[in-house]
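The values are calculated or read from the model by the stated rules, or taken from the named source; none is laboratory data. In this text, all values refer to a predicted model and were calculated from it rather than measured experimentally. Every residue, glycine among them, receives a Cβ derived from its backbone with ideal geometry; neighbour counts consider all protein chains shown.
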Amino acid sequence: MATPTDKVFTWANLLTFVRIGIIPFFAIALVYQHMGLALLLFAIAGISDGIDGTLARMMGQESELGTVIDPIADKLLMTTSFIMVSLPSVMGTARHLPVPFWVTATVIGRDIAIVCVAMAITVMTGFRGFKPSWLGKASTFVQVVGVLLVLIAAVWPVNGGVYLPTTYAVLAGFAVASGVHYIYHVARLMREAGKTATPAE
């Protein structure tokens with residue numbers, strides 16, 4: 001496995017910067033009811049999220065900066081997205097839109113809970129080896145697809161009433177399951193770190 005470097009301007013990092021830069025324009029497009037443009041911008045951001053890590057590994061450009069800004073960019077994009085699509089002034093009052101508040105509260109609440117748990121563990125134990133779990137990655141993928149489906153329903157509302165309720169249930173279900181799973185995931189990481197630590201002499 002390649003060791004992350006201190007490089008800043010790599011292709012993967014540039015894609016992450018582009019994703020961060022898209023966020024305010026995405027929000028503006030939603031506020032001014034340009035749903036087609038919002039859908040396009042979010043799709044670009046979602047695609048960049050899917051390929052930046054792969055690109056870094058393929059080109060041997062994994063960096064310390066990338067490991068920090070990539071998850072930050074993800075959370076900024078998804079938090080902004082869920083807040084915006086939950087606002088009636090943005091999404092209107094079509095059937096099953098805007099996104100119900102309980103869905104947004106579950107998704108964002110899961111992230112807040114994980115951050116609080118990580119901070120508490122770091123303060124109490126000094127452990128910093130946090131890594132995303134496979135279910136957490138799956139939940140992020142489901143969130144990206146979910147927001148895409150919501151935006152598609154806003155642009156072409158013909159069948160939104162069919163799949164949106166299921167989308168909301170899946171989003172909340174993955175958020176809860178990945179949040180609970182992360183506790184066990186971190187516990188395993190801490191056990192592994194304890195086994196590999198050199199005993200004090």
Looking only at the stretch 149-156, decide whether some residue is modelled with pLDDT under 85 and small (Gly, Ala, Ser).
no
When every residue in the stretch 131-140 that is surrounded by 14 or more Cβ atoms within 10 Å (Cβ to Cβ) and modelled with pLDDT of 80 or more is compared, the one farthest from HIS96 (Cα to Cα) is SER133
Does at least one position in the stretch 117-130 carry a residue that is assigned to a helix (DSSP H, G or I) and modelled with pLDDT of 85 or more?
no
Between residues in the stretch 91-115 that are within 11 Å of VAL150 (Cα to Cα) and residues that are assigned to a helix (DSSP H, G or I) and not aliphatic (A, V, I, L, M), which pairs lie under 7 Å by C-beta distance while being six or more apart or on different chains?
HIS96/GLY160; HIS96/GLY161; HIS96/PRO165; LEU97/GLY160; PRO98/PRO88; VAL99/PHE82; VAL99/TYR168
Flagged in the stretch 66-95 as closer than 17 Å to LEU30 by Cβ, assigned to a loop (DSSP other than H, G, I, E, B) and touching a Pro at 6+ places or on another chain (Cβ under 8 Å), in numbering order, are SER86, LEU87, GLY92, ALA94
Residue, nearest to the chain's Cα centre (by Cα), within the stretch 156-173, restricted to residues that are assigned to a helix (DSSP H, G or I) and surrounded by fewer than 13 Cβ atoms within 10 Å (Cβ to Cβ):
ALA169
Matching residues in the stretch 8-23 - criterion: being of a type in the set (A, V, I, L, M) and either in contact with a helix residue (DSSP H, G or I) (Cβ under 8 Å, 6 or more places away or on another chain) or at pLDDT below 80 (or both):
VAL8, ALA12, LEU15, VAL18, ILE20, ILE22, ILE23
Subset of the stretch 31-56, residues buried (at least 18 other Cβ atoms within 10 Å of the Cβ), modelled with pLDDT of 85 or more and within 14 Å of MET78 (Cα to Cα), comes to ALA38, LEU39, LEU41, PHE42, ALA45, GLY46, SER48
